[in-house]
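The values are calculated or read from the model by the stated rules, or taken from the named source; none is laboratory data. For clarity, every value in this text was computed on a predicted model and none was experimentally measured. Virtual Cβ from ideal backbone geometry, glycine too; neighbours counted across all protein chains shown. All accessible areas refer to the heavy atoms of the entire protein, side chains included, with ligands and DNA or RNA removed. Shrake-Rupley method; radii C 1.70, N 1.55, O 1.52, S 1.80 Å.
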Amino acid sequence: MSLAIFDLDNTLLSIDSDHAWGEFLLEQGAVDAVAYREANDRFKADYDAGRLDMMAFLEVALKPLADNSMEQLAAWHQQFMASKIEPAILPQAEELIARHRARGDTLLIITATNRFITGPIAERLGIDDLIAVEPELVDGRYTGRVSGVPSFQQGKVTRLEQWLSERDDTLDGAWFYSDSHNDLPLLEQVDHPVAVDPDPALREVAEAKGWKIISLRG
């Protein structure tokens with residue numbers, strides 16, 4: 001029995017849920033159409049290129065959480081799950097999760113997308129443990145600020161180390177599945193790094209290091 005860690009966006013899902021949430025907000029008319037779309041697309045390109053300014057991104061990404069009531073956000077998220085997330089859940093990803101579950105492994109999603117977006121997705125996938133960017137909550141409302149270390153690049157290692165320490169656990173025998181070169185800091189920490197439909201930069205590293213490369217897109 002070991003730890004099976006999964007990236008979420010473009011790994012277990014066929015899409016980037018952060019970017020898709022931005023597109024969903026645009027469809028609802030909840031954000032400025034021109035400025036928000038430009039920012040959403042620019043930050044996605046920066047992420048793909050490995051040059052994302054995470055704090056600048058979160059300043060934009062978390063603002064709609066602060067600007068709307070919890071009731072409105074919950075209603076939107078329900079629609080978002082049905083229209084964007086459910087069609088993007090990869091059947092082979094669910095099979096992979098099921099294989100690890102059947103082995104008795106501990107399942108964990110670790111993502112650079114915030115918990116508001118990803119909490120219900122992890123629940124839908126039947127994975128109880130989630131490390132995500134934590135939007136700050138004060139008096140039952142989002143503030144638009146981030147709480148703690150964002151789980152991005154080296155921050156995923158930091159947050160995972162905290163999580164393991166709290167559980168008195170280790171990475172011995174751990175698996176980590178990811179599509180992105182942004183996750184190289186964590187991929188290099190585990191015994192079983194797996195590149196899943198990897199971006200070109202990750203594929204190059206995975207091939208050079210002899211890491212397993214798989215596709216969940218059939």
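What's the lysine pair count for the chain at a Cα cut-off below 23 Å, pairs eight or more apart or interchain? Can you show the working numbers first?
On the way: LYS44/LYS63; LYS44/LYS84; LYS44/LYS156; LYS63/LYS84; LYS63/LYS156; LYS156/LYS209; LYS156/LYS212.
The number of close lysine pairs in the chain is 7.
What is the packing order of peptides 30-37, 208-215, taking the mean over residues of other C-beta atoms within 10 Å and listing the highest first? Working shown, then result.
Details: 30-37: 13.6, 208-215: 11.9.
With the highest mean Cβ count within 10 Å placed first, the list reads 30-37, 208-215.
Largest first and in whole Å, the equivalent-ellipsoid semi-axes of the chain read 28, 19, 17, each the square root of five times a Cα gyration tensor eigenvalue.
Adding -39500 (n - 2.57) for every DSSP H run of four residues or longer, then dividing by how many residues the chain holds, sets the calculated 222 nm ellipticity at -14000 deg cm²/dmol.
For the chain, with every protein chain kept in place, what is the accessible area per residue (1.4 Å probe, Å²)?
Working: 10060 Å² over 218 residues.
Per residue, the chain has 46 Å² of solvent-accessible surface.
Ellipsoid fit via the Cα gyration tensor, the stretch 85-172: semi-axes of 24, 19, 11 Å, each the root of five times an eigenvalue, largest first.
Sites listed here are trypsin sites (Lys or Arg not before Pro) in the stretch 93-131 whose DSSP assignment is loop and whose Cβ has at most 10 other Cβ atoms within 10 Å: ARG103.
Ligands, DNA and RNA excluded, the heavy atoms of ILE5 present near 0 Å² of accessible surface to a 1.4 Å solvent probe. Estimated at 0.36 nm per residue, the fully extended path between ILE213 and GLN28 surpasses their Cα-Cα distance by 62.8 nm.
What percentage of the solvent-accessible surface of the stretch 131-190, computed with a 1.4 Å probe over protein heavy atoms, is contributed by carbon and sulfur atoms? Don't jump to the answer; show the numbers that get you there.
Values: 1170 of 2800 Å².
Carbon-and-sulfur percentage of accessible area, whole number: 42.
With both bridge residues required to lie in the chain, what share of the DSSP beta bridges run antiparallel, to the nearest 5%?
Details: 5 of 23 bridges.
Expressed as a percentage, antiparallel bridges in the chain total about 20.
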